[in-house]
């Protein structure tokens with residue numbers, strides 16, 4: 001479904017990716033692991049259309065992301081991708097409920113459908129009591145659960161998660177990861193996640209280890 005082939009990316013004189021390749025199958029969970037600076041987050045951002053590689057190809061089905069305009073990539077991300085970052089990155093002025101509903105509003109869902117979908121996720125993620133509080137008024141674990149709900153609410157084809165449990169303690173991290181993977185499975189969403197945590201990576205269908213901007217073992 002999603003693939004990167006011989007992707008190269010530099011930041012100034014720093015080489016982030018040096019011919020990286022990866023494939024994400026429909027409905028699979030792929031973990032990108034490696035030391036800091038190995039290129040795993042850069043590869044995730046290229047796969048997600050947040051960065052355009054200098055060389056190589058990123059394809060979603062038959063669509064070459066490299067050739068899309070910024071507006072076209074934005075529309076692709078809005079409709080078909082979801083994102084969870086290390087820190088929840090919720091809109092601080094909005095309540096958890098409003099944050100979760102935001103992708104549905106942007107994609108033109110009817111009010112009644114938005115309410116039902118958001119209410120269902122609030123219940124599933126056990127944050128009903130926090131629904132009308134702003135991010136600063138809830139715990140880190142509760143905020144990250146809301147971030148997971150926002151990422152999955154519009155039933156995206158792909159969910160990209162960059163260290164989704166990295167800012168949480170082990171208990172809350174396990175809760176967030178379990179919820180994220182369960183919701184993705186229920187929605188048929190493929191997951192690409194970056195992690196340093198071997199216990200997190202161990203729950204993936206495939207583990208890709210990165211080193212010096214390449215997959216370990218690639219030539």
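The values are calculated or read from the model by the stated rules, or taken from the named source; none is laboratory data. Bear in mind the structure is a predicted one, so any value in this text is a computation, not a measurement. Glycine gets a Cβ as well: all are built from the backbone with ideal geometry, and neighbour counts include every protein chain shown.
Summary table
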quantity	calculated
Residue under evaluation residue 109, criteria (1) touching a helix residue (DSSP H, G or I) at 6+ places or on another chain (Cβ under 8 Å); (2) at pLDDT below 95; (3) over 11 Å from residue 149 (Cβ atoms), criterion not met	(2)
Positions within segment 154-188 being surrounded by 24 or more Cβ atoms within 10 Å (Cβ to Cβ), in contact with a strand residue (DSSP E or B) (Cβ under 8 Å, 6 or more places away or on another chain) and part of a loop (DSSP other than H, G, I, E, B), in sequence order	164
Count of residues meeting criterion [in a loop (DSSP other than H, G, I, E, B) and touching a helix residue (DSSP H, G or I) at 6+ places or on another chain (Cβ under 6 Å)] in segment 53-71	1
Positions within segment 72-131 being farther than 16 Å from residue 152 by Cβ and assigned to a helix (DSSP H, G or I), in sequence order	72, 73, 74, 75, 76, 98, 111, 112, 115
Tally, over segment 132-152, of residues that are assigned to a helix (DSSP H, G or I) and either closer than 20 Å to residue 178 by Cα or within 18 Å of the chain's Cα centre (by Cα) (or both)	13
In segment 189-219, the residues that are touching a strand residue (DSSP E or B) at 6+ places or on another chain (Cβ under 9 Å), assigned to a helix (DSSP H, G or I) and exposed (fewer than 14 other Cβ atoms within 10 Å of the Cβ)	198
Qualifying residue in segment 72-93 (condition: over 30 Å from residue 10 (Cα atoms) and out of contact with any helix residue (DSSP H, G or I) (no Cβ under 6 Å at 6 or more places or on another chain))	yes
Options 32, 17; residue that is over 18 Å from the mean Cα position of the chain (by Cα), surrounded by 15 or more Cβ atoms within 10 Å (Cβ to Cβ) and assigned to a strand (DSSP E or B)	17
